[in-house]
Amino acid sequence: MRFGLWLPIGLFLLLILFPATSPAIVADRIMAVVDREVIALSDVQKYREVFLKKRDADDSAALEEIIDQTLLLAEARKLEILPPPDDEIARVYKKLRLRFGRPETFELLKTRLALTDDEIKERIKQQLLIDQLIEQRIHFFVFVTPAEIGAYYQDHPGEFKNQTQEAARKAIQEIRTAEKAQLKLKDYLDRLRAKANIRINRPPPE
């Protein structure tokens, strides 16, 4: 259940929780609390600018995604999913850097956000744990029947011009698997949110 809650916060909290702030982040405040996990404004800013793939997303969208990931990460730890190997974390980190083009662009972004390599690698580690959870608890239980493939082929003739149903089977199976997995994940998250104590700190109206 989500609750609107305004939590006033002073400079002392900024100094205690986030001592390595940069001039770009002049103040910090609590955006949400998920069970006992605090999500600060700086967390949202870092996630939105570095990890969120939708470049036009705002802080609200980033916060919602962080809440989902916090819940999924707690489940992954509860199920004792094994952490990813260091070489996999390094591979994903390298791929992330390449998204920003020139190395100096990425370094400037890290400086502006007071973001360290250790923080980035920890976030990557958490995401890989979540990916394993989704694979084990969601994708493993998604099945696409031949009837579903035939129905999709008939309903989307423009997508498979000059292809037989058999030739299009693999592509359709991937599409329907992704669609069904997304619905299962949404249902899974809805159930996790319903059980969690989520308090969102909404600013007062201007």
Show the residue pairs that are 6+ apart or on different chains and have beta-carbon atoms under 9 Å apart, the first residue being within the stretch 72-100 and without any contact (Cβ under 8 Å) to a residue 40 or more places away in the chain, the second being loosely packed, with under 11 Cβ neighbours inside 10 Å and assigned to a helix (DSSP H, G or I). Y93/D117; R97/P103
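Would you check if there is a residue in the stretch 66-75 being open to solvent by 40 Å² or more (accessible area, probe 1.4 Å) and not charged (D, E, K, R)?
In the first step, residues of the stretch 66-75 are kept if they are open to solvent by 40 Å² or more (accessible area, probe 1.4 Å); the result is 74.
Then keep just the ones that are not charged (D, E, K, R); that gives 74.
Yes, the stretch 66-75 contains a residue that is open to solvent by 40 Å² or more (accessible area, probe 1.4 Å) and not charged (D, E, K, R).
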Scan the stretch 90-110 residue by residue and report those that are farther than 23 Å from S42 by Cα and either open to solvent by less than 80 Å² (accessible area, probe 1.4 Å) or touching a Gly at 6+ places or on another chain (Cβ under 9 Å) (or both). A90, G101
Selection count where residues are open to solvent by less than 80 Å² (accessible area, probe 1.4 Å), within 17 Å of D35 (Cα to Cα) and assigned to a helix (DSSP H, G or I), scope the stretch 175-201: 5
Every residue from the stretch 75-124 that is of a type in the set (K, R), outside any loop (DSSP other than H, G, I, E, B) and under 15 Å from V50 (Cα atoms): K94, K95, R97, K110, R112, K121, R123
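The values are calculated or read from the model by the stated rules, or taken from the named source; none is laboratory data. Quick caveat: nothing in here was measured; it's all calculated off a predicted structure. Neighbour counts are summed over all protein chains in view; Cβ atoms, including those assigned to glycine, are modelled from backbone coordinates with ideal geometry. What goes into the accessible areas is simple: the full protein's heavy atoms, side chains included, and nothing from ligands, DNA or RNA. Shrake-Rupley method; radii C 1.70, N 1.55, O 1.52, S 1.80 Å.
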